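Quick notes on the structure that follows.
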Amino acid sequence: MSTKQKYPYWNPYIVGTGIGILIIISFVTTGRGLGAIGAFSSFVASIMKTIAPERTLMNPVFSEYISGIEHPLKDWVVFEIIGVCIGGLISGLLSKRFKFEVIKGPQISSVNRLILAFAGGILMAFAAKVTRGCTSGLALSGGSVLSLGAWLFMFSVFIGGYSISFLIKKVWN
Amino acid sequence: MNLGNMKTNNILAILAFIIGISAVFTNHADRNNLYPVWKYRTDRIDKEKIRLISVNCLADLVYLKEQGITILDTRSIAEYEEYHIPTSIPYNEQDLASLLKSSEKVILYSDKNYNYLSEVPANLSGKIYNLNGGIDEWFSMVLFPDFSKIHVRNRQTLEKIVNRSRYFGGTPQNINLLNISSRSGRFREGC
Amino acid sequence: MELIIAPIRFNYEVSNGLLLVFALLTGIFFGFFLEKAGFGNAGVLIKQFYLTDMRMFKVLFSAIITGMLGTFWLSYFKILDITQIYINGTYLWPQILGGILFGFGFVLCGLCPGTSCVAAFTGKLDGLAVMGGMIAGIIIFGETAPSMDKYLNFSSLGDVSIYEILNMNYGLLTFLIALFALVCFWIVGKVEERFNKKLS
């Protein structure tokens, strides 16, 4: 993290304005904002449908993704996340930031870092399903239309993050 | 933070401030004080293009006493006497031409489905709208909204529907069976 | 009484395939912007929570106020119909408590769901681990959610916006939030300077 970069990061305010314009364009054309967790839900639902169709239909959470005429992967959010991956890849290649590595601090091993990342992913996905959205879908798009739940969620994320960050300092320094 | 960044940040901040503060001086109607959005959709019957407006749109137009609209009841006179949408008049073929000249828009309604006129001169057909669903829809959505069937998105919409129903002399039904949710699916909500 | 032309999807006939292609394009730009801001690297994102590099806050809030001002003015000029766009539902306690849990998870791994895809596709293996963890988390949720149904739908207020709850003018609220964000950006700049001076 201390190596000198060939291409510096962009000004965060410019990036924020660009993402905001994307949100506006998204509202104007489709009437909804961005999203991220919905793609993972659809993906899991479609995988479970191929593995165990009867059990998935009985489950009230997943059955809502697979009931209907369209295939669950033919969803707006799924294609958007595929686009996010492609866009990240393009930018990483252009800025020469593409590198197979594990981002971690010097005091922790790679394996422990990956285990913690896996655990963090479990917590995040569970919480995102409970709150009906993640940062990009709820905080960004919901915050733009001034939804009450979106703003409460955003403040809670910061509170939760700051309250626990001092406990895991060892991971990063 | 180099100087170029500071300049860009200051420009962005000033822009945001100007755009934001001019919002204070507007009188923007939000989602529930409906600005009467003249929303219609077009449909095709036998290659004729007709314009449909929804019952909710018509109810808001009457409730807000919008000027320049004439509502015509195309059913029989007996049915008109029994019940008609407030401020509507019976449809009379001869008066149509003069009505089209005097008022901006003309809305036709009937029992269930819309009907359309085939002898309207082309330059005046843009003024004619049909009520989607007719009187039946008016009864079920405006006068006697059944909240066990109608999906309500928040409490403000609920109050609006209830007030409007009472304004037109109807009674809302099954408010105790109300289910407020932003989507009708329980677990597939959000993004 | 003017015509409203947006959202285009509900007022004109658009094929589903076109919408999906548009989703892909939107995603490509989104991912590009996220990576250019540096969020492909978990180390950059986590500095937010140690107050040394507040990039996440800056990007998040500037995107929100840009989107907010855009939707406000477009709907004021009757170009965008605000009754037709999707407003996220409010579930008071699930979202507050779930938000705190989300914050815990965020700090544990240093990536949010969208940026984890960006990280994974720029080669970072921890991004892949986060994606795997999210899939596992959704499976866990799917198994346990039906028994928690009562708690998940508790205190639902529906699609409410802040100006509806507080009964205030939409324009005034827009300006106040924009002002709040600008003040926060200034404060955050000072915080960054102070904490970076402390380290170096």
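The values are calculated or read from the model by the stated rules, or taken from the named source; none is laboratory data. Predicted, not measured: the structure shown is a model, and the values here were computed from it. Please note: Cβ atoms are built from the backbone with ideal geometry, for glycine as well, and neighbour counts cover all protein chains shown.
Out of (1) within 7 Å of another protein chain (Cβ to nearest Cβ); (2) outside any helix (DSSP H, G or I); (3) surrounded by 21 or more Cβ atoms within 10 Å (Cβ to Cβ), the odd one out for C:Gln84 is which?
(3)
So, of the residues in the stretch C:87-111 that are surrounded by fewer than 24 Cβ atoms within 10 Å (Cβ to Cβ) and of a type in the set (Val, Ile, Thr), which turns out to be nearest to A:Thr29 (Cα to Cα)?
Among residues in the stretch C:87-111 that are surrounded by fewer than 24 Cβ atoms within 10 Å (Cβ to Cβ) and of a type in the set (Val, Ile, Thr), the one nearest to A:Thr29 (Cα to Cα) is C:Ile96.
Is the stretch A:46-54 home to any residue that is small (Gly, Ala, Ser) and over 18 Å from C:Gly127 (Cβ atoms)?
Taking every residue of the stretch A:46-54 in turn, at least one turns out to be small (Gly, Ala, Ser) and over 18 Å from C:Gly127 (Cβ atoms).
Write out, first by first residue and then by second, each pair whose Cβ atoms fall under 8 Å of each other, whose residues are 6+ apart or on separate chains, and whose first residue, in the stretch C:140-163, is on the phi < 0 side of the Ramachandran plot and modelled with pLDDT of 80 or more while the second is aromatic (Phe, Trp, Tyr) and in a loop (DSSP other than H, G, I, E, B).
From the stretch C:140-163, the pairs are C:Ala145/B:Phe187.
So which of C:Ala63, C:Ala23, C:Ala6 ends up being touching a helix residue (DSSP H, G or I) at 6+ places or on another chain (Cβ under 8 Å), closer than 22 Å to A:Phe153 by Cβ and within 7 Å of chain A (Cβ to nearest Cβ)?
That would be C:Ala63, the only listed residue that is touching a helix residue (DSSP H, G or I) at 6+ places or on another chain (Cβ under 8 Å), closer than 22 Å to A:Phe153 by Cβ and within 7 Å of chain A (Cβ to nearest Cβ).
Given (1) more than 30 Å from A:Gly105 (Cα to Cα); (2) polar (S, T, N, Q); (3) in contact (Cβ under 8 Å) with a residue 40 or more places away in the chain, where does C:Thr115 come up short, assuming only one miss?
(1)
What about C:Gly132, is it within 29 Å of A:Ile82 (Cβ to Cβ) and surrounded by fewer than 19 Cβ atoms within 10 Å (Cβ to Cβ)?
When the stated conditions are applied, C:Gly132 passes them.
Given (1) farther than 30 Å from A:Ile90 by Cα; (2) crowded, with 17+ Cβ neighbours inside 10 Å; (3) touching a residue at least 60 places away in the same chain (Cβ under 8 Å), where does C:Asp126 come up short, assuming only one miss?
Tallying (1) farther than 30 Å from A:Ile90 by Cα; (2) crowded, with 17+ Cβ neighbours inside 10 Å; (3) touching a residue at least 60 places away in the same chain (Cβ under 8 Å), C:Asp126 fails exactly one: (1).
Search the stretch A:128-173 for residues being assigned to a loop (DSSP other than H, G, I, E, B) and facing another protein chain (nearest Cβ under 7 Å), and hand back the single one that is modelled with the lowest pLDDT.
A:Ile168
Suppose we keep only residues that are in contact with a Leu (Cβ under 8 Å, 6 or more places away or on another chain) and without any contact (Cβ under 8 Å) to a residue 60 or more places away in the chain within the stretch B:149-170. Which one would you say is surrounded by the most Cβ atoms within 10 Å (Cβ to Cβ)?
B:Asn154
Of the numbered conditions (1) of a type in the set (Asp, Glu); (2) facing chain A (nearest Cβ under 7 Å); (3) more than 20 Å from the chain's Cα centre (by Cα), C:Glu13 satisfies every one except a single condition; which is it?
Unmet condition: (2).
Starting from the stretch C:70-93, take each residue that is touching a residue at least 24 places away in the same chain (Cβ under 8 Å) and list its partners that are among the hydroxyl-bearing types (Ser, Thr, Tyr) and part of a helix (DSSP H, G or I), counting only C-beta distances under 8 angstrom and pairs at least six apart or across chains.
That search, which allows pairs on different chains as well, returns C:Phe72/C:Tyr170; C:Phe72/C:Thr174; C:Leu80/C:Thr71; C:Asp81/C:Ser75; C:Ile85/C:Thr71; C:Asn88/A:Ser141; C:Tyr91/A:Thr131.
For the structure I just gave you, tell me whether C:Leu97 is more than 7 Å from chain A (Cβ to nearest Cβ), under 19 Å from the mean Cα position of the chain (by Cα) and in a helix (DSSP H, G or I).
For C:Leu97, the condition - more than 7 Å from chain A (Cβ to nearest Cβ), under 19 Å from the mean Cα position of the chain (by Cα) and in a helix (DSSP H, G or I) - is met.
Return the only residue of A:Phe118, A:Phe153, A:Phe126 being farther than 27 Å from C:Ala23 by Cα, aromatic (Phe, Trp, Tyr) and in contact with a helix residue (DSSP H, G or I) (Cβ under 7 Å, 6 or more places away or on another chain).
After applying the criteria, what remains is A:Phe118.
Pull out all pairs, ordered by first then second residue, where Cβ-Cβ is under 8 Å, the residues are six or more apart or on different chains, the first lies in the stretch A:1-17 and is under 14 Å from A:Phe98 (Cα atoms), and the second is surrounded by fewer than 19 Cβ atoms within 10 Å (Cβ to Cβ) and modelled with pLDDT of 90 or more.
Listed pairs, sorted by first residue: A:Tyr7/A:Leu94.
Kindly establish whether A:Val78 is crowded, with 17+ Cβ neighbours inside 10 Å, within 7 Å of another protein chain (Cβ to nearest Cβ) and among the hydrophobic types (A, V, I, L, M, F, W, C).
No, not satisfied.
Has the stretch A:128-139 got any residue that is outside the structural domain of A:Val84 (by TED's automatic domain parsing) and surrounded by fewer than 22 Cβ atoms within 10 Å (Cβ to Cβ)?
no
Could you please tell me which pairs satisfy a Cβ distance under 6 Å, a separation of 6+ or placement on different chains, a first residue in the stretch A:40-52 that is of a type in the set (A, V, I, L, M), and a second residue that is crowded, with 21+ Cβ neighbours inside 10 Å and part of a helix (DSSP H, G or I)?
Taking only residues 6 or more apart or on different chains, the pairs are A:Val44/C:Ile138; A:Ala45/A:Phe62; A:Ala45/A:Tyr65; A:Met48/A:Thr56; A:Met48/A:Phe62.
Of all residues being surrounded by 17 or more Cβ atoms within 10 Å (Cβ to Cβ) and β-branched (Val, Ile, Thr) in the stretch C:9-45, which is nearest to A:Ala117 (Cα to Cα)? Just the residue, please.
C:Val44
Of the residues A:Gly120, A:Gly87, only one is closer than 21 Å to C:Pro94 by Cα and not in a loop (DSSP other than H, G, I, E, B); which?
A:Gly120
Looking only at residues that are facing chain C (nearest Cβ under 8 Å) and charged (D, E, K, R) in the stretch A:81-108, which one is nearest to C:Leu45 (Cα to Cα)?
That would be A:Lys104.
I want to confirm something. Restricting to the stretch C:51-81 and keeping residues that are in contact with a His (Cβ under 9 Å, 6 or more places away or on another chain) and crowded, with 21+ Cβ neighbours inside 10 Å, which single residue is modelled with the highest pLDDT?
C:Phe72
So B:Thr26 ticks every box in (1) modelled with pLDDT of 85 or more; (2) within 30 Å of C:Ala178 (Cβ to Cβ) but one. Which box is left unticked?
(1)
Those residues that are more than 7 Å from chain A (Cβ to nearest Cβ) and part of a helix (DSSP H, G or I), I need them from the stretch C:39-60; list them, please.
C:Val44, C:Leu45, C:Lys47, C:Gln48, C:Met56, C:Phe57
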